[in-house]
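Notes follow the structure.
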Amino acid sequence: MRRPIDRREFLKRGGALLAAGALPMSLVEIAFGKDSGREGFTFAYLSDSHITHVRGREFVRNWDRGLIQAVAEANLLDPRPDFIMYGGDIAQLGKREEIDHGLEILSGLRGEVRYVMGEHDYYLDLGEHWRRRLGPDHYSFRHKGVQFIVLNSILTDDDWTHRRWPSAAERMHQMARLDNPQGSPFMVGEAQRAWLRGELEKVDTDTPLVVFSHSPLQKIYKGWNFWTDDAEQVQALLKPFRKVTVLYGHVHQIQYNQIGNISFHSVMATAWPWPYPQSFVQSPSHLPKLTVPMDRANPFFERDGTGWQFIDLHTGNADVHYLLPDNRNRVVAYDTAAGHPVDREYQDPKRRIPPQTRY
Ligand SMILES: [Fe+2]
Ligand SMILES: [Fe+2]
């Protein structure tokens with residue numbers, strides 16, 4: 001039976017002792033489907049650090065600390081994850097200093113790191129510095145029988161991007177706000193969708209597919225840009241595949257969902273939690289239908305509501321293990337019988353720890 005890492009064990013025992021007992025079975029025992037012919041593996045996922053420049057070499061300490069802690073903890077995973085993904089929004093206002101400082105912290109990670117573009121990395125210089133440091137903003141790679149696709153999902157129309165704002169800094173400020181009626185919906189766009197179609201034509205439809213985006217490739221709440229405007233068109237391209245997982249950042253909270261053949265999982269931010277949309281607009285329809293929300297973050301614990309995660313692909317579907325500082329860890333795993341992701345332990349009212357007794 002799988003058990004999430006207890007965070008106290010995780011941090012106190014240290015790397016050498018993690019191999020036995022303290023780790024979830026999924027890491028110790030990489031139990032591949034016997035007839036699949038593929039090798040199981042895990043990868044780690046960090047996201048949304050929002051490194052914020054103040055002046056000179058000064059940066060907002062809290063956001064630095066979140067990323068530093070996630071890097072340190074990810075380095076303790078044993079066995080090692082095969083690679084590490086970073087889900088976007090390294091920077092807060094797209095400045096070179098922020099991207100460079102974030103990458104300096106991330107350079108402490110053991111293992112290969114791949115990156116997704118976030119809107120906070122993009123809308124100052126339209127991704128120029130990010131691409132100079134990290135390369136293309138959409139690409140694909142294959143690993144142990146799984147096809148991975150990385151998309152830049154935070155583009156928007158040319159009029160908003162190029163003709164509306166007096167300066168690049170003003171454009172960045174507008175897109176950096178959560179609830180901005182002057183914002184513009186994110187999209188993958190026609191050119192990238194054509195590229196995606198071409199990539200997918202080369203892949204057998206029995207191959208497990210994992211797609212990384214920054215904004216959700218599903219429509220959750222347009223008012224906060226928890227949204228990708230051409231989500232349905234991207235979903236249609238993914239439809240022929242048997243096992244599809246979309247992993248996204250941007251929302252700074254746990255969300256999971258199933259639409260047709262596609263499982264959706266969000267990843268946590270290392271910086272801060274956003275509230276769930278329905279808590280603001282009083283409408284439950286703004287949450288993916290399967291999601292059991294997290295408890296509200298306790299403001300007295302600066303890392304509560306933040307976290308990072310590792311993902312186990314031993315079945316070809318994703319089991320997402322959330323490592324949550326100042327909170328109980330969670331596992332959202334694909335349930336084959338149900339045909340969608342489930343957080344069984346957290347959803348069980350008998351086992352759930354009431355929020356007021358957590359601390
Ligand atoms: Fe973010
Ligand atoms: Fe974002």
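Where a number appears in this text, it was derived from the coordinates with a stated rule and is not lab data. Since we're looking at a predicted model, the values are computed, not measured. Neighbour counts are summed over all protein chains in view; Cβ atoms, including those assigned to glycine, are modelled from backbone coordinates with ideal geometry.
Some notes on this structure:
- Fewest-first ordering of 187, 175 by other beta carbons within 10 Å of each residue's beta carbon gives 187, 175.
- Positive minus negative residues near residue 44 (Lys, Arg vs Asp, Glu; Cβ under 13 Å): -2
- Positive-end extreme of charge dipole, the stretch 246-332 - chosen from 265, 290, 327 (charges on Cβ): 290
- Relative contact order [Cα under 8 Å, 6+ residues apart], the stretch 41-357, whole percent: 16
- Ranked list, fewest to most other Cβ atoms within 10 Å of each Cβ, for 245, 161, 156, 270: 161, 156, 245, 270
- DSSP-defined beta bridges in the stretch 202-308 - what % are antiparallel, rounded to 5: 35
- Candidates 54, 79, 191 compared by Cα position along the dipole of the stretch 41-357: farthest toward the positive end lies 79, with charges placed on Cβ.
- Net charge contributed by nearby residues that have their C-beta within less than 12 Å of residue 213 (K/R +1, D/E -1): -3
- Using only side-chain charges placed at the Cβ, +1 for Lys and Arg and -1 for Asp and Glu, the dipole size of the stretch 41-357 relative to its Cα centre rounds to 340 debye.
- Sorting 340, 101 from the fewest to the most surrounding beta carbons within 10 angstrom yields 340, 101.
- Across the stretch 240-255, coupling constants 3J(HN,Hα) worked out from phi with the 6.51/-1.76/1.60 Karplus curve, θ = phi - 60°, read x, 8, 6, 10, 10, 10, 10, 10, 9, x, 6, 8, 6, 6, 7, 9 Hz, and Gly and Pro carry x.
- Were the residues from residue 191 through residue 337 laid out at 0.36 nm apart, the gain over their Cα-Cα distance would be 48.8 nm.
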